[in-house]
């Protein structure tokens, strides 16, 4: 039953931190919308989400973000790469600790890494959904 | 139980965390490298012995071409590959040999070594490319444009912070 309880604790924590990806989406979305010539369209975010959701470890996600930032201006200038990496560095350990507290027991190193991966996936899913929502909303308002 | 069976995938995930941190340490002390050089490392990452040979050749070339910061970097990568080789041998129970830094000899050891080296090179090259990318500052940066090649979020505190930079340790 532990994996199920772990999932439940992660879901509750994802709810608690839901405002964080939305705040980032509000900052980076408009920059991406302006920089379409840089290939910063919807596909960028969909690919990001696909990489994140299929990743087996957080390191793969960090590598992807760094490569995208090295390759594409929008990832650097919008602050997406910087702020995402800062979130992983600064906030993720706290959220993981909160999941541990909700579980009421220590987590093995593998479980801890799994929690981090699940939380990053939740964060990016919410981020991408919000960027997509904002972009569609502004397109509808303009038309 | 054979070495391969004993070594669970989850164990490799935990090891990747150590490999990630090792790659960040090496990247931190490295000067600017050509992107073509980083791509060349990536394309050889799936075959550790070939990568070692390549690094040794490149090292002689770099001395000849007066690129002084390349050889220490190549040495660092070679050391990491050999260390990961020893670790892989230990993990799958390859027969211990007297020679330090010897690469795994069994298929199981070689398979584990390939996975670890591949992860190491991916983490290392992405970090270096990220550090080397031109940085113009972000809309949130109150302090104006960052110095070229200097701003690196993985090394610093929250956005806008002027605190010393720290590497992103996703496993910590």
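Summary table
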quantity	calculated
Test result for residue A:64, modelled with pLDDT of 95 or more and more than 7 Å from chain B (Cβ to nearest Cβ)	yes
Leading residue by the ranking (farthest from residue A:105 (Cα to Cα)) among those in the range A:14-24 that are part of a helix (DSSP H, G or I), within 14 Å of the chain's Cα centre (by Cα) and away from chain B (no Cβ under 14 Å)	A:22
Breaking point among (1) within 13 Å of another protein chain (Cβ to nearest Cβ); (2) surrounded by fewer than 18 Cβ atoms within 10 Å (Cβ to Cβ); (3) in contact (Cβ under 8 Å) with a residue 24 or more places away in the chain, for residue A:125	(1)
Matching residues in the range A:102-120 - criterion: being away from chain B (no Cβ under 13 Å) and either farther than 17 Å from residue A:5 by Cβ or without any contact (Cβ under 8 Å) to a residue 24 or more places away in the chain (or both)	A:104, A:105, A:106
Any hit, the range B:158-171, residues being within 15 Å of the chain's Cα centre (by Cα), at pLDDT 90 or above and surrounded by 13 or more Cβ atoms within 10 Å (Cβ to Cβ)	no
Near pairs, Cβ below 9 angstrom, 6+ apart or cross-chain, from the range B:64-81 (within 14 Å of residue B:124 (Cα to Cα)) to any residue that is modelled with pLDDT under 85 and assigned to a helix (DSSP H, G or I)	B:73/B:62; B:74/B:62
Selection from the range A:1-29 of residues that are free of Cβ contacts under 8 Å to residues at least 60 places away in the same chain and closer than 21 Å to residue A:134 by Cβ	A:15, A:19, A:23, A:27
Tally, over the range A:26-53, of residues that are touching a helix residue (DSSP H, G or I) at 6+ places or on another chain (Cβ under 9 Å), at pLDDT 85 or above and away from chain B (no Cβ under 11 Å)	10
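The values are calculated or read from the model by the stated rules, or taken from the named source; none is laboratory data. On a predicted model such as this, the values are computed, not experimentally measured, just so you know. Ideal geometry is used to build each Cβ from the backbone, glycine not excepted, and the neighbour counts take in all protein chains shown.
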